[in-house]
Amino acid sequence: MSPVNRIPDVQSVTHGPATGPRVVLLPGNDLGAEFYAPLAEVIARAGASVTCLTLPGALGEAPLPALGWAALVDAVAPLVDGDTTLVGHSLGGMLAWQVAARRRVRRLVLLEPAIPPGRRAAAIAARRYSADVVNAERNSFVNWSGTFWRVADFNRFPTWAIEHYERARRERDVDTAATLVRELPELYPLPEVGVPVHVVRGKKSGWVARVNATYLALKFPGVRHTALSNVAHWMANEDDEAVAAAILAE
(Lines give C-alpha, C1' and ligand atoms only; values in the text may rest on other atoms or scores of the structure.)
Protein backbone atom coordinates (compact mmCIF):
# COMPACT_ATOMS: atom_id res chain seq x y z
CA MET A 1 0.00 0.00 0.00
CA SER A 2 1.34 3.44 -0.91
CA PRO A 3 1.45 6.42 1.46
CA VAL A 4 -1.51 8.76 1.39
CA ASN A 5 -1.27 11.24 -1.49
CA ARG A 6 -3.18 14.44 -2.12
CA ILE A 7 -3.85 15.09 -5.77
CA PRO A 8 -5.40 18.55 -5.89
CA ASP A 9 -8.39 18.47 -3.55
CA VAL A 10 -8.55 14.65 -3.43
CA GLN A 11 -6.83 12.28 -0.96
CA SER A 12 -5.84 8.89 -2.40
CA VAL A 13 -4.25 5.62 -1.27
CA THR A 14 -2.93 3.12 -3.84
CA HIS A 15 -2.67 -0.65 -3.36
CA GLY A 16 -0.76 -3.08 -5.57
CA PRO A 17 1.90 -2.70 -8.26
CA ALA A 18 2.27 0.72 -9.88
CA THR A 19 2.49 -0.93 -13.30
CA GLY A 20 -0.67 -3.06 -13.01
CA PRO A 21 -4.00 -2.45 -14.75
CA ARG A 22 -5.47 0.69 -13.19
CA VAL A 23 -8.57 0.64 -10.96
CA VAL A 24 -9.88 3.81 -9.27
CA LEU A 25 -12.54 3.43 -6.56
CA LEU A 26 -14.89 6.30 -5.65
CA PRO A 27 -16.40 5.93 -2.16
CA GLY A 28 -19.96 6.14 -0.96
CA ASN A 29 -21.22 9.01 1.17
CA ASP A 30 -19.75 9.08 4.70
CA LEU A 31 -17.00 6.61 3.71
CA GLY A 32 -13.33 7.04 2.82
CA ALA A 33 -10.39 5.18 1.28
CA GLU A 34 -9.66 3.22 4.47
CA PHE A 35 -13.06 1.51 4.35
CA TYR A 36 -12.22 -0.12 1.00
CA ALA A 37 -8.63 -1.16 1.83
CA PRO A 38 -9.33 -4.92 2.30
CA LEU A 39 -11.30 -5.01 -0.97
CA ALA A 40 -8.50 -3.10 -2.73
CA GLU A 41 -5.92 -5.59 -1.45
CA VAL A 42 -7.94 -8.50 -2.91
CA ILE A 43 -8.12 -6.74 -6.28
CA ALA A 44 -4.42 -5.88 -6.09
CA ARG A 45 -3.55 -9.57 -5.63
CA ALA A 46 -4.84 -10.08 -9.16
CA GLY A 47 -2.11 -7.68 -10.32
CA ALA A 48 -4.10 -4.44 -10.48
CA SER A 49 -3.04 -1.04 -9.19
CA VAL A 50 -6.00 0.10 -7.08
CA THR A 51 -6.42 3.73 -6.01
CA CYS A 52 -9.06 4.43 -3.35
CA LEU A 53 -10.18 8.03 -2.84
CA THR A 54 -11.40 10.05 0.11
CA LEU A 55 -13.38 12.88 -1.41
CA PRO A 56 -13.36 16.57 -0.43
CA GLY A 57 -15.50 17.28 2.62
CA ALA A 58 -15.19 13.72 3.97
CA LEU A 59 -13.26 12.56 7.06
CA GLY A 60 -11.99 16.04 7.86
CA GLU A 61 -10.81 16.76 4.31
CA ALA A 62 -11.41 20.37 3.28
CA PRO A 63 -14.55 20.87 1.19
CA LEU A 64 -14.24 22.24 -2.32
CA PRO A 65 -14.56 26.02 -2.62
CA ALA A 66 -17.63 25.48 -4.82
CA LEU A 67 -19.92 22.74 -3.56
CA GLY A 68 -21.85 20.46 -5.85
CA TRP A 69 -21.52 17.86 -8.59
CA ALA A 70 -19.84 20.06 -11.20
CA ALA A 71 -16.95 20.93 -8.90
CA LEU A 72 -16.60 17.34 -7.68
CA VAL A 73 -16.48 15.97 -11.22
CA ASP A 74 -13.85 18.61 -12.05
CA ALA A 75 -11.74 17.41 -9.10
CA VAL A 76 -11.97 13.69 -9.91
CA ALA A 77 -11.91 13.61 -13.73
CA PRO A 78 -8.14 14.32 -14.06
CA LEU A 79 -7.39 11.21 -11.97
CA VAL A 80 -8.73 8.79 -14.62
CA ASP A 81 -7.89 7.99 -18.22
CA GLY A 82 -8.77 5.56 -20.99
CA ASP A 83 -6.97 2.69 -19.26
CA THR A 84 -8.87 3.06 -15.97
CA THR A 85 -11.53 0.73 -14.64
CA LEU A 86 -13.60 3.25 -12.69
CA VAL A 87 -15.51 1.81 -9.73
CA GLY A 88 -18.14 3.84 -7.90
CA HIS A 89 -20.03 2.81 -4.77
CA SER A 90 -23.43 4.26 -3.82
CA LEU A 91 -23.23 8.06 -4.22
CA GLY A 92 -19.79 7.41 -5.70
CA GLY A 93 -21.60 5.39 -8.37
CA MET A 94 -23.39 8.49 -9.61
CA LEU A 95 -20.08 10.35 -9.45
CA ALA A 96 -18.38 7.61 -11.49
CA TRP A 97 -21.12 7.86 -14.13
CA GLN A 98 -20.71 11.63 -14.40
CA VAL A 99 -16.91 11.38 -14.57
CA ALA A 100 -17.08 8.69 -17.27
CA ALA A 101 -19.38 10.93 -19.32
CA ARG A 102 -16.73 13.68 -19.13
CA ARG A 103 -13.54 11.66 -19.45
CA ARG A 104 -13.44 8.32 -21.22
CA VAL A 105 -12.45 5.31 -19.11
CA ARG A 106 -11.92 1.66 -20.00
CA ARG A 107 -14.81 0.23 -18.00
CA LEU A 108 -17.34 1.41 -15.43
CA VAL A 109 -18.30 -0.76 -12.45
CA LEU A 110 -21.09 0.54 -10.21
CA LEU A 111 -21.61 -0.96 -6.76
CA GLU A 112 -25.23 -0.25 -5.82
CA PRO A 113 -25.08 3.19 -7.45
CA ALA A 114 -27.27 6.01 -6.15
CA ILE A 115 -28.88 6.36 -9.58
CA PRO A 116 -32.67 6.30 -9.16
CA PRO A 117 -34.88 5.57 -12.19
CA GLY A 118 -35.41 9.08 -13.52
CA ARG A 119 -35.56 12.67 -12.32
CA ARG A 120 -38.82 12.35 -10.35
CA ALA A 121 -37.58 9.25 -8.51
CA ALA A 122 -34.28 11.06 -7.84
CA ALA A 123 -36.15 13.98 -6.26
CA ILE A 124 -38.08 11.59 -3.98
CA ALA A 125 -34.89 9.69 -3.12
CA ALA A 126 -33.04 12.94 -2.38
CA ARG A 127 -35.72 14.09 0.09
CA ARG A 128 -35.76 10.69 1.78
CA TYR A 129 -31.98 10.40 2.00
CA SER A 130 -31.65 13.96 3.30
CA ALA A 131 -34.05 13.19 6.14
CA ASP A 132 -32.85 9.66 6.94
CA VAL A 133 -29.08 10.11 6.52
CA VAL A 134 -27.75 13.59 5.84
CA ASN A 135 -29.72 15.38 8.55
CA ALA A 136 -30.02 12.39 10.89
CA GLU A 137 -28.29 11.92 14.23
CA ARG A 138 -24.56 11.29 13.69
CA ASN A 139 -23.34 9.64 16.87
CA SER A 140 -24.31 6.00 16.33
CA PHE A 141 -24.49 3.27 13.71
CA VAL A 142 -27.89 2.31 12.29
CA ASN A 143 -27.95 -0.57 9.82
CA TRP A 144 -31.21 0.38 8.09
CA SER A 145 -30.73 3.64 6.18
CA GLY A 146 -34.40 4.12 5.39
CA THR A 147 -34.00 2.65 1.89
CA PHE A 148 -31.39 -0.12 2.23
CA TRP A 149 -29.57 -2.34 4.70
CA ARG A 150 -25.95 -1.27 5.02
CA VAL A 151 -24.63 -4.73 5.98
CA ALA A 152 -26.13 -8.18 5.64
CA ASP A 153 -25.13 -9.35 9.11
CA PHE A 154 -24.09 -6.71 11.62
CA ASN A 155 -22.78 -9.42 14.00
CA ARG A 156 -20.09 -10.59 11.56
CA PHE A 157 -19.18 -7.20 10.11
CA PRO A 158 -15.71 -5.93 11.22
CA THR A 159 -15.79 -3.54 14.16
CA TRP A 160 -13.13 -1.28 12.67
CA ALA A 161 -15.29 -0.65 9.57
CA ILE A 162 -18.23 0.43 11.74
CA GLU A 163 -15.88 2.70 13.68
CA HIS A 164 -14.63 4.17 10.40
CA TYR A 165 -18.18 5.02 9.42
CA GLU A 166 -18.97 6.53 12.81
CA ARG A 167 -15.84 8.69 12.66
CA ALA A 168 -16.66 9.70 9.09
CA ARG A 169 -20.15 10.71 10.17
CA ARG A 170 -18.74 12.93 12.92
CA GLU A 171 -16.13 14.52 10.63
CA ARG A 172 -18.31 14.97 7.53
CA ASP A 173 -18.82 18.40 6.03
CA VAL A 174 -22.59 18.27 6.07
CA ASP A 175 -22.99 21.13 3.58
CA THR A 176 -21.09 19.12 0.96
CA ALA A 177 -23.28 16.05 1.48
CA ALA A 178 -26.48 18.10 1.57
CA THR A 179 -25.62 19.87 -1.69
CA LEU A 180 -24.80 16.65 -3.54
CA VAL A 181 -28.03 15.01 -2.44
CA ARG A 182 -30.14 18.10 -3.15
CA GLU A 183 -28.68 18.43 -6.67
CA LEU A 184 -29.19 14.75 -7.54
CA PRO A 185 -32.31 15.35 -9.71
CA GLU A 186 -30.41 17.99 -11.72
CA LEU A 187 -28.14 15.26 -13.13
CA TYR A 188 -31.01 13.93 -15.27
CA PRO A 189 -31.33 12.98 -18.03
CA LEU A 190 -28.21 10.91 -17.48
CA PRO A 191 -25.51 11.50 -20.10
CA GLU A 192 -24.29 8.65 -22.27
CA VAL A 193 -21.00 7.13 -21.12
CA GLY A 194 -20.16 5.00 -24.17
CA VAL A 195 -18.17 2.33 -22.29
CA PRO A 196 -19.00 -1.10 -20.85
CA VAL A 197 -20.95 -0.78 -17.59
CA HIS A 198 -21.36 -3.48 -14.93
CA VAL A 199 -23.86 -2.82 -12.12
CA VAL A 200 -23.37 -4.93 -8.99
CA ARG A 201 -25.90 -5.13 -6.16
CA GLY A 202 -26.32 -7.11 -2.97
CA LYS A 203 -29.33 -9.38 -2.59
CA LYS A 204 -29.49 -8.46 1.11
CA SER A 205 -29.71 -4.72 0.47
CA GLY A 206 -33.38 -4.27 -0.34
CA TRP A 207 -35.67 -3.50 -3.23
CA VAL A 208 -34.33 0.00 -4.03
CA ALA A 209 -30.98 -1.35 -5.26
CA ARG A 210 -32.80 -3.88 -7.44
CA VAL A 211 -34.96 -1.15 -9.01
CA ASN A 212 -31.97 1.13 -9.65
CA ALA A 213 -29.92 -1.67 -11.23
CA THR A 214 -32.84 -2.81 -13.41
CA TYR A 215 -33.44 0.77 -14.58
CA LEU A 216 -29.86 1.17 -15.78
CA ALA A 217 -29.85 -2.22 -17.50
CA LEU A 218 -33.09 -1.37 -19.36
CA LYS A 219 -32.26 2.26 -20.10
CA PHE A 220 -28.76 1.80 -21.50
CA PRO A 221 -27.97 -1.04 -23.93
CA GLY A 222 -24.93 -3.03 -22.88
CA VAL A 223 -25.29 -2.41 -19.14
CA ARG A 224 -25.09 -5.74 -17.32
CA HIS A 225 -26.35 -6.48 -13.85
CA THR A 226 -25.01 -8.92 -11.24
CA ALA A 227 -26.56 -9.70 -7.84
CA LEU A 228 -24.30 -11.03 -5.05
CA SER A 229 -25.92 -13.35 -2.53
CA ASN A 230 -24.28 -12.59 0.79
CA VAL A 231 -23.85 -8.81 0.85
CA ALA A 232 -25.96 -5.73 1.46
CA HIS A 233 -25.48 -2.14 0.34
CA TRP A 234 -21.94 -1.55 1.62
CA MET A 235 -20.56 -4.79 0.05
CA ALA A 236 -16.96 -4.08 1.06
CA ASN A 237 -15.80 -6.03 4.13
CA GLU A 238 -18.58 -8.62 3.76
CA ASP A 239 -17.47 -10.78 0.81
CA ASP A 240 -14.47 -9.03 -0.70
CA GLU A 241 -13.55 -12.02 -2.87
CA ALA A 242 -16.95 -11.98 -4.59
CA VAL A 243 -17.01 -8.18 -4.94
CA ALA A 244 -13.45 -8.15 -6.34
CA ALA A 245 -14.35 -10.88 -8.85
CA ALA A 246 -17.32 -8.82 -10.04
CA ILE A 247 -15.14 -5.72 -10.41
CA LEU A 248 -12.51 -7.60 -12.40
CA ALA A 249 -14.96 -9.55 -14.59
CA GLU A 250 -14.70 -8.44 -18.23
Problem - Residues of the stretch 170-189 classified as in a helix (DSSP H, G or I) and either under 15 Å from Lys219 (Cβ atoms) or within 16 Å of the chain's Cα centre (by Cα) (or both), total - result: 6
Completion exercise
Pairing a residue in the stretch 200-222 that is under 21 Å from Arg150 (Cα atoms) with any residue that is small (Gly, Ala, Ser) and not in a loop (DSSP other than H, G, I, E, B), where Cβ atoms lie under 6 Å and the two sit 6 or more apart in sequence or on different chains, gives Val200/Ala246; Arg201/Ala209; Arg201/Ala213; Arg201/Ala227; Lys203/Ala227
Problem - Hits in the stretch 190-212 (condition: more than 13 Å from Trp97 (Cβ to Cβ) and either among the small types (Gly, Ala, Ser) or under 14 Å from the mean Cα position of the chain (by Cα) (or both)) - result: Val200, Arg201, Gly202, Ser205, Gly206, Ala209
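Quick grid of which residues meet (1) part of a loop (DSSP other than H, G, I, E, B); (2) at pLDDT below 95; (3) buried (at least 19 other Cβ atoms within 10 Å of the Cβ); (4) not hydroxyl-bearing (Ser, Thr, Tyr):
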site	(1), (2), (3), (4)
Leu216	no, no, yes, yes
Pro221	yes, yes, no, yes
His233	yes, no, yes, yes
Ala236	yes, no, yes, yes
Ala242	no, no, no, yes
Ile247	no, no, yes, yes
Exercise for the section: Identify, by number, the condition in (1) closer than 16 Å to Asp240 by Cα; (2) under 14 Å from the mean Cα position of the chain (by Cα); (3) surrounded by fewer than 24 Cβ atoms within 10 Å (Cβ to Cβ); (4) not aliphatic (A, V, I, L, M) that Pro38 doesn't meet. Expected result: (2)
Handout entry: Residues within the stretch 179-229 that are in contact with a helix residue (DSSP H, G or I) (Cβ under 9 Å, 6 or more places away or on another chain), within 24 Å of Glu241 (Cα to Cα) and charged (D, E, K, R), tallied
Key = 3
Exercise for the section: Take Ser130 and decide whether it is part of a helix (DSSP H, G or I) and farther than 17 Å from Val197 by Cβ. Expected result: yes
Handout entry: Filter result for the condition that a residue is within 18 Å of Val181 (Cα to Cα), surrounded by 16 or more Cβ atoms within 10 Å (Cβ to Cβ), among the acidic types (Asp, Glu) and touching a residue at least 12 places away in the same chain (Cβ under 8 Å), over Asp30, Asp9
Key = Asp30
Practice task
Taking the residues in the stretch 117-127 that are part of a helix (DSSP H, G or I) and not small (Gly, Ala, Ser) as candidates, determine which candidate is surrounded by the fewest Cβ atoms within 10 Å (Cβ to Cβ).
Solution key: Arg120
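The values are calculated or read from the model by the stated rules, or taken from the named source; none is laboratory data. Bear in mind that the values here come from a model prediction, so they are computed numbers and not experimental data. When we count neighbours, we look across all protein chains shown, and the Cβ atoms used for this are built from the backbone with ideal geometry, even at glycine.
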